[in-house]
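**Q** Would you mind keeping the following structure in view while I ask a few things?
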Amino acid sequence: MKTAVLNKGKEDKYLNQYPLIEEEDIYRQDRLEEGDLFQLLTSKNTFIGVGYVGRQHKGLGWILSYQKDDEINQAFFEQLFEQALETRQYYYQIEGTNAFRLFNGEGDGLGGLTIDSYDGHLLIQWYSIGIYQFRDSILEAIKQVFPFRSIFEKTRFKHQSIKGGWVEGEKPEFPIVIEENFTFYNVHLDDGPMTGIFLDQKEARKKLRDYYSEDRKVLNLFSYTGAFSVISATGGAKTTSVDLANRSRPMTEENFGLNGIDPKSQNIFVMDTFDFYKYAERHGLTFDTIVIDPPSFARNKKKTFSVTKNYPQLIEGALTLLNAKGSLILSTNHSAYSLKAFKNMVKKTLDHEGIAYQIDEVMGLPKDFKTHPHFKPSKYLKLIFVTLQ
């Protein structure tokens, strides 16, 4: 087996089971190609683990096993998937939710791979050419372990000839309808990188419905297909959805319709968020709850938006539209933006505005999005619920 030797002094984090093998930590390596298995060694040639080459983030690849004798084959993947399935039994038992993450990359022991179940229709996402090299063994293991109606796949890396799509089982007509917290949403598994709903926000949506919606006017910024708006409306809110993408309007209207809500009874704007702030001020629009869940980075005409630089402006703009004792639900999925830094930014921005407030709750990923205890980027989702005093 090929080897990669660490720089002296870089051993500790890997001995403490840090899963991403970072390129800059490597002193010497054999000629490693995507998908190669290799032994990670200390500078004194002591074995640490077996990894595979799958270039992702700043990483050369991921640790697969800390046992020198483990064979990386179908049986190995089946064992990982069986453990993952066991920890998700809760989601097979509860009523009102049938879409959840079955396998979450490094959190479940295999960085570069995720598997979601949308009412039994499985979606595999491959994050590097390296992990894709194990496709045959992984697919067979999935079929052996997970219950499924169909299997689809998406590739999250660029390649001229490797494309995603339908793999196995019944080939459904899209959209399929999934249920989450007794609310219904359309999902497409064969249409670009996104499916129509972000499953990692399921607990945040429930919290919004149960505590921040009844008899409230809710503004949902960066609304995508309106999932936050729809669940708010089922909780008794009058909603306003804002997203720059033209397709957001019909997709949001369809999700309202699925839940017996007349889309005409709700407001939908296809507009840049900062332009909407100006529009809302001109028209005297105010809100009781404002949800801010932006992409980490976006480019619009001549404007660029970065969560780490521009989030304070989003909060400041929202405050001009927020009613007395109103609430902000602030979210980011930027993996390099730590919870501490995000929380400090929120406090600093609110303090600068001279506003009395309380932080009601801080939330992260739901339990089906299992995280890695020694890899902070796996805890990428941060949500802060704030109410003005």
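**Q** Can you tell me what the convex hull of the Cα atoms of region 246-339 projects to on average, as an area in nm²?
**A** Taking the Cα atoms of region 246-339, their convex hull projects to 7.7 nm² on average.
**Q** Between Ile72 and Trp166, how high is the FRET efficiency from 1/(1 + (r/R0)^6) when r is the Cβ-Cβ distance and R₀ = 25 Å? Nearest 0.05.
**A** It comes to 0.40.
**Q** With θ taken as phi - 60° and the coefficients 6.51, -1.76 and 1.60, list the Karplus ³J(HN,Hα) couplings across region 330-341 in order, rounded to whole Hz; mark glycine and proline as x.
**A** 10, 9, 8, 10, 6, 5, 8, 9, 5, 4, 4, 5
**Q** Given the peptides 60-66, 320-326, arrange them by the average over their residues of other C-beta atoms within 10 Å, most packed first.
**A** Going from most to least packed, we get 60-66, 320-326.
**Q** In Å and on Cα atoms, what radius of gyration and Dmax does region 20-177 show?
**A** Calculated on Cα positions, Rg and Dmax stand at 16.8, 57 Å.
**Q** Take each of the peptides 157-166, 206-215, average the number of other beta-carbon atoms within 10 Å over its residues, and list them starting from the highest.
**A** 206-215, 157-166
**Q** When only Cα pairs under 8 Å and 6 or more residues apart are kept, what is the percent relative contact order across region 1-128?
**A** Here the relative contact order equals 18 percent.
**Q** Nearest 10 degrees is fine. How inclined is helix 74-87 to the longest principal axis of the chain, computing both from alpha carbons?
**A** 30 degrees
**Q** Looking only at Ser306, Ser128, Ser150, which one moves most when the chain is put into a Gaussian network model with springs between Cα atoms under 10 Å?
**A** Result: Ser306 has the largest fluctuation of those listed.
**Q** Is it possible to state the helix-based mean residue ellipticity at 222 nm for the chain, with each DSSP H run of 4+ residues giving -39500 (n - 2.57), the sum divided by total residues, to the nearest 500 deg cm²/dmol? What is it?
**A** -8000 deg cm²/dmol
**Q** What ³J(HN,Hα) values, in whole Hz, does the Karplus curve 6.51 cos²θ - 1.76 cosθ + 1.60 give for region 55-69 when θ = phi - 60°, with x put for Gly and Pro?
**A** Working through the residues one at a time gives 5, 7, 6, 9, x, 6, x, 10, 6, 9, 8, 9, 9, 4, 8 Hz.
**Q** Can I ask one more? Note down the net charge around Tyr311, summing +1 for each Lys or Arg and -1 for each Asp or Glu among other residues with Cβ under 13 Å from its Cβ. Could the numbers behind the result be given before it?
**A** On the way: positive: Lys309, Lys343, Lys347, Lys348, Lys382; negative: Asp293, Glu316.
Once all neighbours under 13 Å are counted, the net charge is +3.
**Q** For the chain, with all protein chains present and a 1.4 Å probe, just round the carbon and sulfur fraction of the accessible area to a whole percent.
**A** On the chain, the fraction of accessible area on carbon and sulfur atoms equals 47 percent.
**Q** When the solvent-accessible surface of protein heavy atoms is calculated with a 1.4 angstrom probe, in what order do Arg135, Arg205, Arg282 fall, highest first?
**A** From most accessible down to least: Arg282, Arg135, Arg205.
**Q** Work out the FRET efficiency for Asn344 and Ala298 from their Cβ-Cβ distance, taking R0 = 22 Å, and round it to the nearest 0.05.
**A** The formula returns an efficiency of 0.45 here.
**Q** Where both residues lie in the chain, what percent of DSSP beta bridges are antiparallel, nearest 5?
**A** DSSP beta bridges in the chain are roughly 65 percent antiparallel.
**Q** Please compare each pair in Lys10/Lys370; Lys163/Lys207; Lys264/Lys347; Lys2/Lys158 to a cut-off of 30 Å on the Cα-Cα distance and tell me which ones are over it.
**A** Pairs exceeding 30 Å: Lys163/Lys207; Lys264/Lys347.
**Q** Please give the per residue volume of the convex hull enclosing the alpha carbon atoms of region 123-271, rounded to a whole number of Å³.
**A** Per-residue hull volume (Cα only) is 129 Å³.
**Q** Moving on to the next point. Quick check: residue separation of Asp12 and Lys44 times 0.36 nm, minus the Cα distance between them. What number comes out in nm?
**A** Contour length minus Cα-Cα distance gives 10.2 nm.
**Q** Given a cut-off of 18 Å, name the pairs among Lys309/Lys348; Lys206/Lys367; Lys13/Lys382; Lys13/Lys44; Lys58/Lys340; Lys206/Lys238 whose C-alpha atoms lie farther apart than that in the structure shown.
**A** Too far apart for the 18 Å limit: Lys13/Lys382; Lys58/Lys340.
**Q** Could you grab the relative contact order for region 42-101? Cα pairs under 8 Å, six or more apart, rounded to a whole percent. Mind dumping the intermediate values first?
**A** On the way: 36 pairs, mean separation 11.8, N = 60.
Relative contact order of region 42-101: 20 percent.
**Q** Please give the net charge around Asp262, taking every other residue with its beta carbon less than 14 angstrom from that of Asp262, where Lys and Arg add +1 and Asp and Glu add -1. Display every interim value, and only then the final one.
**A** Details: positive: Lys238, Lys264; negative: Glu253, Glu254.
Neighbourhood net charge equals 0.
**Q** Sorting check: for 117-124, 71-78, which peptide has the highest mean count of neighbouring beta carbons within 10 Å, and how do the rest follow?
**A** Highest mean packing first, the order is 117-124, 71-78.
**Q** Next question, about the same structure. For the chain, calculate the relative contact order in percent as a whole number, restricting contacts to Cα pairs under 8 Å that are 6 or more residues apart. Could the numbers behind the result be given before it?
**A** Values: 783 pairs, mean separation 44.5, N = 389.
Relative contact order comes out at 11 percent.
**Q** Okay, next question. Probe 1.4 Å, all protein chains in place: accessible area of Asp262 in Å², nearest 10?
**A** Ignoring ligands and nucleic acids, Asp262 comes out at about 80 Å².
**Q** What net charge is computed for the residues neighbouring Ile129, neighbours being all others with C-beta under 15 Å from the C-beta of Ile129, Lys and Arg scored +1, Asp and Glu -1?
**A** +1
**Q** Sort region 297-389 into rounded, prolate or oblate with this rule: let a ≥ b ≥ c be the square roots of the eigenvalues of the Cα gyration tensor; rounded if a/c is under 1.5, and if a/c is not under 1.5, prolate when a/b is larger than b/c, oblate otherwise.
**A** Taking the square roots of the gyration eigenvalues as a ≥ b ≥ c, region 297-389 is oblate.
**Q** Please give the solvent-accessible surface of His374 in Å², to the nearest 10, using a probe radius of 1.4 Å with every protein chain present.
**A** 100 Å²
**Q** In Å², and per residue, what accessible area does the chain have when probed at 1.4 Å with the other protein chains present? Walk me through the numbers before you get to the answer.
**A** Numbers: 18220 Å² over 389 residues.
Dividing the accessible area of the chain by its residue count gives 47 Å².
**Q** Okay, next question. Please give the solvent-accessible surface of Asp36 in Å², to the nearest 10, using a probe radius of 1.4 Å with every protein chain present.
**A** We get 40 Å² for Asp36.
**Q** In bins 5 Å wide, starting from 0, what share of all Cα pairs of region 311-358 does each bin hold, as a percent?
**A** For region 311-358, the binned pair fractions read 4, 19, 33, 26, 12, 6, 1 percent.
**Q** Among [x] 1.06; [y] 1.23; [z] 0.97, find the value of Cα Rg over 2.2 N^0.38 Å that was calculated from the structure presented, and write down its label.
**A** Computed from these coordinates, Cα Rg over 2.2 N^0.38 Å corresponds to label [x].
The values are calculated or read from the model by the stated rules, or taken from the named source; none is laboratory data. Model, not experiment: these values are computed from the prediction. No Cβ is skipped: glycine too gets one built from the backbone with ideal geometry, and neighbour counts run over all protein chains shown. Calculation scope for accessible area: heavy atoms of the full protein, side chains included, ligands and nucleic acids excluded. Shrake-Rupley method; radii C 1.70, N 1.55, O 1.52, S 1.80 Å.
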